[in-house]
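K.L.:
Here it is: the structure, laid out below.
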Amino acid sequence: AQSVAQPEDQVNVAEGNPLTVKCTYSVSGNPYLFWYVQYPNRGLQFLLKYITGDNLVKGSYGFEAEFNKSQTSFHLKKPSALVSDSALYFCAVSSDSWGKFQFGAGTQVVVTP
Amino acid sequence: NAGVTQTPKFQVLKTGQSMTLQCAQDMNHNSMYWYRQDPGMGLRLIYYSASEGTTDKGEVPNGYNVSRLNKREFSLRLESAAPSQTSVYFCASSEAFAGVRDTQYFGPGTRLTVL
C-alpha cells in the first residue's frame with residue numbers, strides 16, 4: 001500500500017520569508033511525486049513533479065521541491081513567500097506498482113503581509 | 001483550449017434523488033478520473049478510466065457509477081443520493097494509459113449538497 005503524510009494542517013509565514021511545506025511518503029517500488037495547489041473554490045493546479053533524475057525539482061511560480069530517498073520526503077519550498085501564495089497545497093504519490101495517485105490531506109498556507 | 005470542464009458547478013439534491021455529473025476534456029488524454037474532496041481528507045479516488053471503453057473502481061466507489069462515453073467524456077452518476085455524498089467532486093485527466101507517471105489535470109469542481 002502507498003501513503004502520503006502532510007504533517008502540518010497549516011503553515012503560517014510572513015511575506016518575504018522562506019516557505020516550506022512538508023510531505024513524506026511510503027510506496028512499494030519507485031515513487032513518482034507531485035505537488036498541487038488549490039485556491040479557494042478552484043480546482044487543483046499542477047506545480048511540479050519528480051519522476052527520476054535530479055533530486056531538486058523546479059516548478060511553477062518559483063516553487064521547488066527536493067526528493068530525499070533516504071528520508072522518504074518531498075518537501076515543497078519557496079525562498080520568498082508572497083501573500084498570493086496563500087492556498088491549500090497537496091502532495092501526491094504514485095509508483096510503478098500502483099498506478100493511481102494517493103493524495104495527502106493538504107496543508108493550508110497562510111502568508112501575512 | 002478549455003482543459004477539463006465540469007457541469008454543473010453547484011447542485012443541491014434531496015436524499016434519494018439521482019443525478020449525473022458531467023466531465024469533458026479537450027487535451028486528447030487517454031485516462032480520466034473522478035475524485036471527491038472532503039475537509040481534512042485530501043482527494044479520494046472514486047472511479048477511473050485508463051482508456052476509452054474501460055472503467056475501474058477507486059478507493060470509495062460505493063454509491064456511484066461511471067460511464068466513459070467516448071475519449072473526451074467521463075460521467076459520474078449518483079443513483080440514490082445520500083447526505084454522506086455531500087462533497088466537492090473533481091474530474092481529472094492524464095495523457096498516458098493508466099497515467100502512472102503523468103500529471104493529472106483537474107477541472108474546476110462540482111459542489112454537491114445532499115439534504
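Values quoted throughout were computed directly from the atomic coordinates according to the rules given, and no laboratory measurement underlies them. Predicted, not measured: the structure shown is a model, and the values here were computed from it. With ideal geometry, Cβ positions are generated from the backbone for all residues, glycine too; neighbour counts draw on all protein chains shown.
K.L.:
Surrounded by fewer than 16 Cβ atoms within 10 Å (Cβ to Cβ) and more than 15 Å from B:E79 (Cα to Cα), is that true of B:N1?
P.N.:
yes
K.L.:
Another one. Considering only the stretch B:12-26, I want to know if a residue exists there that is touching a helix residue (DSSP H, G or I) at 6+ places or on another chain (Cβ under 8 Å), within 14 Å of chain A (Cβ to nearest Cβ) and surrounded by 14 or more Cβ atoms within 10 Å (Cβ to Cβ).
P.N.:
no
K.L.:
Here's something else I'd like to know. It is to be established whether one or more residues within the stretch B:39-52 are touching a Phe, Trp or Tyr at 6+ places or on another chain (Cβ under 9 Å), within 14 Å of chain A (Cβ to nearest Cβ) and in contact (Cβ under 8 Å) with a residue 60 or more places away in the chain.
P.N.:
So far as the stretch B:39-52 goes, no, none of its residues is touching a Phe, Trp or Tyr at 6+ places or on another chain (Cβ under 9 Å), within 14 Å of chain A (Cβ to nearest Cβ) and in contact (Cβ under 8 Å) with a residue 60 or more places away in the chain.
K.L.:
So for the stretch A:9-16 (the condition being farther than 25 Å from B:Q37 by Cβ and part of a strand (DSSP E or B)), does at least one residue qualify?
P.N.:
So far as the stretch A:9-16 goes, yes, one or more of its residues are farther than 25 Å from B:Q37 by Cβ and part of a strand (DSSP E or B).
K.L.:
Another question, then. Of the residues B:S67, B:S75, B:S87, which single one is surrounded by fewer than 20 Cβ atoms within 10 Å (Cβ to Cβ), among the small types (G, A, S), in contact (Cβ under 8 Å) with a residue 24 or more places away in the chain and more than 12 Å from chain A (Cβ to nearest Cβ)?
P.N.:
B:S75
K.L.:
I've got another one for you. Report, ordered by the first and then the second residue, all pairs with beta carbons closer than 6 Å, sequence separation of six or more or different chains, a first member in the stretch A:1-30 that is at positive phi, and a second member that is of a type in the set (S, T, Y) and not in a loop (DSSP other than H, G, I, E, B).
P.N.:
A:G29/A:S95
K.L.:
So, in the stretch B:29-48, exactly how many residues are touching an Asp or Glu at 6+ places or on another chain (Cβ under 8 Å) and polar (S, T, N, Q)?
P.N.:
Qualifying residue count for the region: 2.
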